[in-house]
Amino acid sequence: MTLLTALFAAAALVLAVAGARYLNGPLSCLLVVLTGVVFGHAFYNRNVGPIPVTLDRVLWGALILQFLVLMRLGYVNFKPLSRTDVIILLLGLLLTASTFLHDWHYKENMPLSRLLFFNWMPIGIYFVAKHSRLHSKQLNGLYLALIVFGAYLSVTAIAEQRGWQAMVFPRFIVDSQYVEFLGRARGPFLNPVSCGIYLITCTAAAWLMWPRVGRLGKSFIVVLACVMLFATFLTFTRSVWVGALLAAVIIIWIPSTPAIRGALIVAGTVGLLAVLTLFSDRLNSFKRDKHVTAEAMAQSASLRPMLAHVALKMFRDRPILGCGFGQYTQYKKPYHYDETANMPLRKVLPYMQHNVFLSYLTETGLAGL
């Protein structure tokens, strides 16, 4: 495995320098992201010092090097910092300070890993993509890359959910140690929500190619979109379904005439009422995970108010800066024994905060939120 890391690092270095002229910044960013999806931590990792090294993290280093080469060659369009850029950078600095002012060694350097790879790594990718030149042909390349990835992801997700294990790659997706959300379309993310987000994005990319291709290409897009939407359905996740519906509405709405928009409003209202009438009693309790019953699924929804109660209690004690980035599990235990609460809070003791806003609120306070 050490040899694999060395070979991959050498390949990344060649890609960064020699390929700088031919592989544009946004496409390189997408390559890093998709490598992290398919060949990420579960596929291969090795500790180097206090942090684990993975293949996509090696590529990320090559991406930054490539950006410096492109800058030297004059292929970088520096844009002034926008208000959003300033907020992103301030958030990164806040999380960095919060990490190092608390126990960043906690749980084998988990806060440090979260800071580097869940925050600064995407921030770096964002700024590389923003300052890179992007022409029409390169945009087509991005769409095609997403379409190919969407085809792979949908086939993998369908095969996984249906139990066709011979068609699943990488093999860790069907590894017995990853049982959470088993029975849903998780793909290499091992998470149906993440899988759904990418499936929706890839489906949108396919439809954005519609005006750029001929009749044969349009036929292919229709078939592929149907397959990707079926895989999206197999995530069995309500928020993903809503996201897919909203994406479809946006894509159809923007180029439509007022008459078609009116028809969409009527059809959407009728469809929503029909779904609520026919399925409202089953939306919170249908069976999704292989080893979890429908009754347990219904109970899991009842745990969320308890997690919210714990988060708000923690926030009240540390409202400005929170308990520290990555420190939630270290500080949460006393709040699950609150005798004044009319809820069995101990039930949620094993869980992390499921809501991203409440997670930031507890760990970084109002400043991070």
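Surface listing: Leu224, Leu134 arranged by accessible area from highest to lowest gives Leu134, Leu224, probe 1.4 Å.
Could you identify which residue out of Val242, Val33, Val266 has the top mean-square fluctuation in a GNM of the chain using Cα springs shorter than 10 Å? Among Val242, Val33, Val266, the largest GNM mean-square fluctuation belongs to Val266. The heavy atoms of Leu349 present about 40 square angstrom of accessible area, all protein chains included, probe 1.4 Å.
Within the listed set Ile147, Ile265, Ile197, the Gaussian network model of the chain (springs between alpha-carbon atoms below 10 Å) gives the highest mean-square fluctuation for Ile265.
Here's how it looks for Phe169: its modeled amide H is under 5 Å from none belonging to a residue 5 or more places away or on a different chain. Note: the chain, Cα convex hull, 188 Å³ per residue.
Sorting Lys218, Lys332 by solvent-accessible area of protein heavy atoms yields Lys218, Lys332, largest first, with a 1.4 Å probe. Sequentially through segment 129-141, phi angles give Karplus couplings (6.51, -1.76, 1.60; θ = phi - 60°) of 5, 5, 8, 8, 6, 9, 9, 4, 5, 5, 5, 4, x Hz, Gly and Pro residues having no value and appearing as x. Out of Pro80, Pro192, Pro305, any idea which swings most in a Gaussian network model of the chain, alpha carbons joined below 10 Å? Fluctuation is largest for Pro80.
Where does each of His41, His336, His102 land when they are ordered by accessible area, with a 1.4 Å probe and the largest first?
Sorted by accessible area, descending: His41, His102, His336.
Here's how it looks for Arg184: its modeled amide H is under 5 Å from those of Lys290, which are all 5 or more places away or on a different chain.
Converting phi to 3J(HN,Hα) with the Karplus coefficients 6.51, -1.76 and 1.60 and the offset θ = phi - 60°, segment 196-204 yields x, 4, 6, 4, 5, 4, 5, 5, 4 Hz in sequence order, with x at every glycine or proline.
Couplings 3J(HN,Hα) of segment 264-272, computed from phi: 4, 4, 5, 4, x, 5, 4, x, 5 Hz, in residue order, whole Hz [Karplus 6.51 cos²θ - 1.76 cosθ + 1.60, θ = phi - 60°; x for Gly and Pro].
In plain terms, the bigger the Kirkwood radius, the slower the diffusion; for segment 107-252, with that radius from Cα pairs, at 37 °C and 0.692 mPa s, Stokes-Einstein puts D at 196 µm²/s. To the nearest 10, the accessible area of Phe220 is 120 Å² with a 1.4 Å probe. Annotation: per residue accessible area for the chain equals 56 Å², rounded to a whole number [probe 1.4 Å, protein chains only].
Between the amide H of Val53 and those of Arg46, Asn47, Val48, distances stay under 5 Å, these residues lying 5 or more places away or on another chain, with hydrogens modeled in the peptide plane. Only helices enter the 222 nm calculation for the chain: every DSSP H run of n ≥ 4 contributes -39,500 (n - 2.57), and dividing by all residues gives -21000 deg cm²/dmol, rounded to 500.
With all protein chains in place and a 1.4 Å probe, the accessible surface of the chain carries 70 percent carbon and sulfur.
Trp207 contributes about 90 Å² of solvent-accessible surface, heavy atoms of the protein only, 1.4 Å probe.
Note on segment 222-261: Cα convex hull, mean projected area over all directions, 3.2 nm².
The values are calculated or read from the model by the stated rules, or taken from the named source; none is laboratory data. For clarity, every value in this text was computed on a predicted model and none was experimentally measured. Quick note on the areas: whole protein, heavy atoms, side chains included, nothing else; ligands and nucleic acids left out. Shrake-Rupley method; radii C 1.70, N 1.55, O 1.52, S 1.80 Å.
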